[in-house]
Structure formats: structure tokens, C-alpha cells
Amino acid sequence: MAAADSFYITTPIFYVNDVPHIGHAYTEVAADVLARWHRQRGDDTWLLTGTDEHGQKILRTAVANDTTPQAWADRLVESAWLPLLETIDIRNDDFIRTTEPRHETAVATFLQKLYDDGHIYSGEYEGYYCVGCEEYKQLDDLLETEDGDYAGQLVCKIHGRPVELLKEKNYFFRMSAFEQKLLDLYENTPGFVQPASVRNEIIQFVKQGLADLSISRSSFDWGIKVPWDDSHVVYVWFDALLNYITAIGYGVGASDKPDEQFQRRWPAVHIVGKDIARFHAVIWPAMLMAAGLEVPKAVFGHGWLLVGGEKMSKSKLTGIAPSQITDTFGSDAFRYYFLSAIAFGQDGSFSWEDLSARYQAELANGFGNLASRVVAMVTRYFDGAVPSVDIDPKIATLEKRVTDEANTAIGSFAINEALAVIWQLVDALNLYITENEPWALAKDPAAKARLEHVLASAVHGLGTLAVLLSPVLPKAAARLWEALGGQGELDAQPIDRAWAWTGAGQVTPLETSLFPRIEQDVTV
Ligand code: MSP
């Protein structure tokens, strides 16, 4: 059992057959925002991400590109997956690759333990396999196409590509033995699978009856060898799911005595796309139960980014590279847009028009302009010295309410709701400035006290915004914090007391807007 203040959060580990698109980046950003928020709340936070490098999909891609799977994976990790983290400003604490020895050794330890304890047996399997999903499929997961390239063949509903009929001698994990325990878990811990739509789907799936799971393959060798039979490699999902514990040191010591990092951090919160919620909410807890380990704290299955009503994907050629957006709008805008425009847990459609419009209205005009104006007025009217007077009680009350509500929303993964609530403060401050017209007060010497009160209140509200927005807009919030003369590092400001921030009492003008106007037509 981890310490009470542990917040260990993970993203899925990504297949390295191709480069990332904005769907992958969306998952990364959501997990990063939650991690930054918890870090700023003082929790013992750890964000893990990484890459999934074994299996047939990677092997085939490498062969098609005339190289080895290891060389292919190395190339993609270096040239695409690690740079992605920079592009969208992810502050991860670790990055695991499933080809690292720390992972491979611990997977073998885990598997051997399950084998020794009687959870694994050998058998024969015949079924349809989708290499895109790296999964055996049931008939209702497939479609028979009548026309097009694959006419007359069975294709996977997710990938739209033909499945392959496989017949192999495999090792099986007795997953069926955990059916009731899983149902009890969903019943007794309602927050285990979220949101409710994904939870219901998982419960329905398990209620239909759980089969045992084939966990090895013998027709190719790109994988971790089964420790007691080196003619088999471990099934790629069984291997991949274990990254969440191997990365924090499971299997480093004796198998029954996981190491200190593991004790400190496990169990985790898993952020995944809803497409892979089943692996995380059914197979994964069953594996952990078999090994006598704690199940995850929660599995959150977020929605898909859609293009033309379909899941954005490279295999369907609808993928957009994250840098296409960040090159023009910057990483902060990328992070803000996807987390505010899409309800976390639901699908959402991306469009350049919507991105541009929200950038302009919410970031440039709403927040950025507010910051520039207030700082400029304090500079002009008070030589940069923030008047040391009481702030407007209405603003102070709003700062407290917004802080509390945003914290509550984040606690239940409602990132878009947290942002909506924070934007109430942005809007209220804009209205406050419009209504009080400090530029008019500045012309009237008799209104000096009023001007001091209004600008001190606006500065205070802005400081609270910097603290609250730091997880989502780390770059812009840091610039604002500096301009306001905020005391201490911004990301060390307790976010659950955002309104209690203090400043040095002196502002420095922002040389350029936090969110400059984008002149070019981004839709072409
Ligand atoms: N390697 C497995 C995961 C193993 S985790 C133990 C895998 N990789 S993946 O690269 O195909 O995709 C991983 C994740 O990327 C998805 O679960 C989802 O979080 C994200 N997305 C991929 N396409 C997406 C969209 N179009 N929209 C939103 N998220 C998307 O599955």
C-alpha cells in the first residue's frame, strides 16, 4: 500500500510502428495536466510514459523498412516519441521502453511467479488475430466487407484491415478464474473504471463470461522469451501492461518483496483511450490479482479525437502531427484547446477553425489581453508598484470559490470543468476592468484610492490565475508570474490555496503578449 499522498499516474505506452499524432498527444497532455496539478498540491507525484516496442506490428513495420525491430524502435523513439514530449511540454518523471532490461527481467519474474503458482497452462488456440490491435478477435468485433480492397474478407472494426486466422500452441492465463473477483471490484469500487459509460461497457463484457487468455506466441520471436520455454515469446499486451509496475521497480528484488519505489508509489491511476480500457480494466487487474498485488486505483478511459466522425488514426491516414499545431499556436494553446474544448471522457472533433477561434477569443483576447492591460496600467499609473491596499471582497471570494471548485473538478478527472470554472475568473476580471474603467479613474486625482483598489484587485486575481493555470499553460503562466513579481517558483505554489499567493509588490511589463495574434490563415 503506497503512502497516502502518493499520486502515481500513467499514460499508455505507445506503439513505435509510426510517429505520434494529436490523439496520442491528447492522452499525454491530459495525464501531464493531472500530474502537474497534483504535484502543485503537494502530492508525491510520479508521471510515467513510454513506448511499447514488441509484437508483430513493430516486427512487420521493421521488416517492411528493411531493418531490425530494435533499430526501428530506437530510431522512432529518438526521432519522434521523445521529441513529442518537448513539443507539447510534458514533464514526465520516467520514460519506459519495453525493450529495456529493467522491464524484460521483471516481466520474466512476474510470469514465472504466475506459472509456479498454477495460473498458467499450455493449450491450443485457433482464432482471428488483428495485428493492428495485437489481439484475438471475436466474430462480433469483425465485419465482412462486400466491396473495396478487402471484399469478401473479415476485417477488424477498429482498423478496417483483414484479420488473420491463427492456430498455435500457446500458454494460457487462467483469467476466467477472476471473473467474479473482477465483478466484485467494479461493484465495490465504483471509481475503479471511469467514466460511467466505459464502466458499464466493461461490466457488460465481463458478465458475458471471461475466457482464459492466450499469453504467448511461437510463430515469431520479437518479444520477451517465456522463461521456462524459449520457443515462445510473451504476448505483447501481457508484456506491455506490466510496464506500469516494472518501471517503478517491481521484480528488482525477490518476487515477493518488491522494492521501495514500488511500495512507495503503487497503485497507479491509468489514463488510457477508451479503445484500450478493456485491457486495463479486465486483463490487467486479473493479472495483478493472480500475482497477489494491489489493483490500480483507477482506470480512466477518455474519448477519441475524431476526424470526419471516425477515430483519428495513422492507419486511416487521418493523423495530424502535433507540431503542425504547436508550430503556429505554441504548446500552451495545444494543451488548453484539447482539454477545454472536449469534455474529458467524451469524443470530440478537431477543426482548425475551432482551434483558431478559441485561441483568439479565450487565450489572446480573454486571458492574454487581460494580463497585458493590467500589468501595463500598474506600470503606467504607479510606476510598477502594486498598490498595497485591500482587494475587492467580491474578487477575493471568487478567487476562493474558483480555486475550490477547480480542485474538486480535477479530483474527479473533469479537466474541462476545472478550466471552465477558472475561466469564470478570467471573465469576471475582464468585466471588472471594463466596468471600473481604470483609464478614466486615472484622469481624476480624486479617484486615486479607487484606482489603487481596482488595480490591486485585478493584479491579485491575475496571480491566482497564474497559479491555477500553471498545470495547463506552464509557459504563459510562468511569464505572467514573473511579470507580477510572484514570490517563489510558480510550480511550487500550493494550488489548493491559489488565492493565497504573495508577490513582491512590483510588476514588470510583458514585452510581448502571452498569446500573440496569429496573422496567417491556418486552415490552408
Ligand atoms: N501500445 C498500446 C498501449 C499499451 S498500454 C499498456 C497502444 N498503443 S497506441 O499507440 O496504439 O495508442 C495508445 C493510446 O493513444 C490510446 O489508448 C489513446 O490513449 C491514444 N490515442 C490514439 N488515437 C487516438 C485518438 N484518435 N483519439 C484519442 N486518443 C487516441 O494501444
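The values are calculated or read from the model by the stated rules, or taken from the named source; none is laboratory data. Quick caveat: nothing in here was measured; it's all calculated off a predicted structure. Ideal geometry is used to build each Cβ from the backbone, glycine not excepted, and the neighbour counts take in all protein chains shown. The area values use the complete protein model at the heavy-atom level, side chains included, leaving out ligands, DNA and RNA. Shrake-Rupley method; radii C 1.70, N 1.55, O 1.52, S 1.80 Å.
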Counting only protein chains, not ligands or nucleic acids, how are Thr328, Thr434 ordered by accessible area (probe 1.4 Å), most first? Thr434, Thr328
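Nearest 20 debye, what's the magnitude of the dipole of the chain about its Cα centre given +1 on Lys and Arg Cβ and -1 on Asp and Glu Cβ? Present the calculation step by step, with values, prior to reporting the outcome.
Numbers: 44 positive and 71 negative charges, 169 e Å.
Approximately 820 debye in magnitude.
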Please give every one of the aspartates and glutamates within straight-line cross-link reach of Lys225, meaning a C-alpha to C-alpha distance under 18 Å, and leave out same-chain neighbours fewer than 8 residues apart. Asp52, Glu53, Glu100, Glu104, Asp116, Glu134, Glu168, Asp239
Helix 474-484: angle to the longest alpha-carbon principal axis of the chain, degrees 0 to 90, nearest 10? 20 degrees
Expressed in nm to one decimal, what extension gain is obtained for the pair Asp116 and Gln138 from 0.36 nm per residue of sequence separation less their Cα-Cα distance? 4.9 nm
Say the dipole of the chain comes from +1 at the beta carbon of Lys and Arg and -1 at that of Asp and Glu; which of Tyr129, Phe220, Gly330 then lies farthest toward its positive end? Gly330
By how many degrees, 0 to 90 and rounded to 10, does the Cα axis of helix 415-436 deviate from the longest principal axis of the chain? 10 degrees
For a quick check of understanding: with a 1.4 angstrom probe and all protein chains in place, what accessible area in square angstrom does Arg161 have, to the nearest ten? 110 Å²
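Accessible area per residue, 1.4 Å probe, Å², for the chain: what's the number? Intermediate values should be presented prior to the final figure.
Numbers: 21580 Å² over 524 residues.
Computed with neighbouring chains in place, this is 41 Å² per residue.
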Under 14 Å from Lys400, Cα to Cα: aspartates and glutamates that are on another chain or at least 8 residues apart: Asp392, Asp496
Where both partners of a DSSP beta bridge lie in the chain, what percent of those bridges are antiparallel, to the nearest 5? 55 percent
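With the Cα gyration tensor of the range 357-492 giving a ≥ b ≥ c as the square roots of its eigenvalues, does the rule (a/c under 1.5 for rounded; else a/b larger than b/c for prolate; else oblate) give rounded, prolate or oblate?
Judged from the Cα gyration tensor, the range 357-492 comes out prolate (a/c at least 1.5, a/b above b/c).
Calculated from DSSP H runs of 4 or more alone, at -39500 (n - 2.57) each and per residue, what is the 222 nm mean residue ellipticity of the chain, nearest 500? Before the final figure, lay out the partial values.
Values: 20 runs with 221 residues, N = 524.
Calculated mean residue ellipticity at 222 nm is -13000 deg cm²/dmol.
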Report the net charge of residues surrounding Asn92, where surrounding means a beta-carbon distance below 9 angstrom and charges are Lys +1, Arg +1, Asp -1, Glu -1. -3
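Mind ranking Arg60, Arg217 by accessible surface for me, highest first, 1.4 Å probe? Show your work: numbers first, answer last.
Values: Arg60 100, Arg217 5 Å².
Greatest to least solvent exposure: Arg60, Arg217.
Less than 12 Å Cβ to Cβ from Val233, Lys/Arg counted +1 and Asp/Glu -1: what total charge do the surrounding residues give? Show your work: numbers first, answer last.
Values: positive: Arg217, Lys225; negative: Glu104, Glu168, Asp221, Asp229, Asp230, Asp239.
Summing Lys and Arg as +1 and Asp and Glu as -1 gives -4.
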Note to self: C-alpha centroids of the range 450-524 and the range 82-144 sit apart, in Å, by 43 Å
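Evaluate the relative contact order of the range 60-161 (contact order divided by residue number), counting alpha-carbon pairs under 8 angstrom at least 6 apart; express in whole percent. Intermediate values should be presented prior to the final figure.
Working: 52 pairs, mean separation 11.4, N = 102.
Relative contact order of the range 60-161: 11 percent.
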Lys/Arg Cβ at +1, Asp/Glu Cβ at -1, dipole of the chain taken about the Cα centre: which of Val107, Ala196, Trp72 is farthest positive-ward? Ala196
So what does Ile90 come to for accessible area, using a 1.4 Å probe and Å² rounded to 10? 20 Å²
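How large, in percent, is the carbon and sulfur part of the accessible surface of the chain at a probe radius of 1.4 Å?
Working: 10640 of 21580 Å².
Of the solvent-accessible surface of the chain, carbon and sulfur hold 49 percent.
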Other residues with Cβ under 15 Å from the Cβ of Asp427 give, with Lys and Arg +1 and Asp and Glu -1, a net charge of 0
For the chain, what relative contact order do you get, as a whole percent, if you take Cα pairs closer than 8 Å and at least 6 residues apart? 16 percent
Enter the Cα centre distance for the pair the range 169-188 and the range 422-449, rounded to the nearest angstrom. 61 Å
Just report the Cα centroid separation between the range 335-375 and the range 1-57, whole Å. 23 Å
Just how large is the dipole of the range 376-524 about the Cα centre, in debye to the nearest 20, putting +1 at every Lys and Arg Cβ and -1 at every Asp and Glu Cβ? 200 debye
